[in-house]
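The values are calculated or read from the model by the stated rules, or taken from the named source; none is laboratory data. Not measured: the values here are computed from a predicted model. Cβ placement follows ideal geometry from the backbone for every residue including glycine, while neighbour counts extend to all protein chains displayed.
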Amino acid sequence: MDDTRHDDGIHTIDTHYLRPSFDAAHLVVQDGRAAFVDCGTAHSVPHLLAALTAHGLAPTAVDWLLLTHVHLDHAGGAGQLLQALPNARLAVHPRGAPHMIDPRKLIDASIAVYGAEDYARLYGDLLPIDAARVSPTADGERLALGSRTIEVVHTPGHALHHQAYLDHAAQVVFTGDTFGLAYPPLAVQGRPFALPTTSPTQFDPQQLIASIRRVVALAPRAACLTHYGRIGDIARVGDDLVRMVERFTDAALAVADTAAQDEARVALRSALRAIVLAEWRGFGATGPESLLDEWAGLDFDLNADGLLAWCARRAR
């Protein structure tokens, strides 16, 4: 189990999705009560339960599983986890709640993309959750964890059903995918390097930029990202993300109408890689380009797909 303990009752738990230091859940502890923010896949659940044991907490001490959105690297293990946490409720955006109660559409869509064998290897079983345990959230709603208050902040852009959570006691915001991806090996002298995630199917640049700015306006002292871990320097990271979203969308519009779909995808992926590489170098990175490809190569693929899907919707 990989568990990074912070000084304010917040702990980063590696879910071991795909590779270490790629996908995190966060455990919040207050007054002997606990909440998880995101949970990884079904294969991640043993790591989360081990984290409870390591902190001297019983499964009955968990009051909440707080989902940022229902993409399977964030929410695929929710059904299995709640089976092990008898007192926990699921907080989720209203648009995501039906897919947690009846996950058949998520399962079918994922199998269509990955095939049944790879789907099972990546995500395991997606179990339905009793509707009585699901709490669809309102923007600005406040949830209690012991004496700690956690505020729901709806943050569309990466997905329409995306939300962040502001921990008022710690002044830390859990951002899911709204505040980008900041893989630890890409940091420069301990400073996080973040890039946006514009993956399919609901990416919208103006919504995402507004959500990034909303996170910055909360003035948190830190953000906890699912990909990956806790970062500071919030205002600077927000500016970097907005600039890259704008550069990404300009690149997408430049190729969307000038080439066949397959050619556009190849050209856009190359453009996105060049943008991120230039930003990384401009940030002071001296590591090999292969390191960027190793950690962000999959994101270049997904981001190109999401941007082209946005272009197609925009053209209708």
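What the table below lists for this structure:
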quantity	calculated
Cβ pairs under 9 Å, 6+ apart, first in region 270-289 and aliphatic (A, V, I, L, M), second loosely packed, with under 12 Cβ neighbours inside 10 Å and outside any helix (DSSP H, G or I)	none
Subset of region 279-305 that is of a type outside the set (V, I, T) and either out of contact with any helix residue (DSSP H, G or I) (no Cβ under 9 Å at 6 or more places or on another chain) or exposed (fewer than 12 other Cβ atoms within 10 Å of the Cβ) (or both) - its residue that is nearest to P192 (Cα to Cα)	G284
Inter-residue pairs, beta-carbon under 7 Å, first basic (K, R) and in region 70-93, second buried (at least 23 other Cβ atoms within 10 Å of the Cβ), 6+ apart	R89/W64
Qualifying positions in region 8-66 - touching a Ser or Thr at 6+ places or on another chain (Cβ under 6 Å) and either surrounded by fewer than 20 Cβ atoms within 10 Å (Cβ to Cβ) or not assigned by TED's automatic domain parsing to the domain that holds Y123 (or both)	D31
Residue list for region 148-187, filter: free of Cβ contacts under 8 Å to residues at least 60 places away in the same chain and farther than 19 Å from D63 by Cβ	P156, G157, Q171, V173, A182, A187
Selection from region 146-163 of residues that are out of contact with any Gly (no Cβ under 9 Å at 6 or more places or on another chain) and more than 19 Å from F203 (Cβ to Cβ)	S147, T149, I150
Residue selected from region 143-187 under the condition closer than 17 Å to L65 by Cβ and more than 18 Å from the chain's Cα centre (by Cα), by the criterion surrounded by the most Cβ atoms within 10 Å (Cβ to Cβ)	L145
Verdict on V29 being over 17 Å from the mean Cα position of the chain (by Cα) and among the hydrophobic types (A, V, I, L, M, F, W, C)	yes
Filter pass, A274 being of a type in the set (A, V, I, L, M) and either surrounded by fewer than 21 Cβ atoms within 10 Å (Cβ to Cβ) or more than 28 Å from S21 (Cα to Cα) (or both)	yes
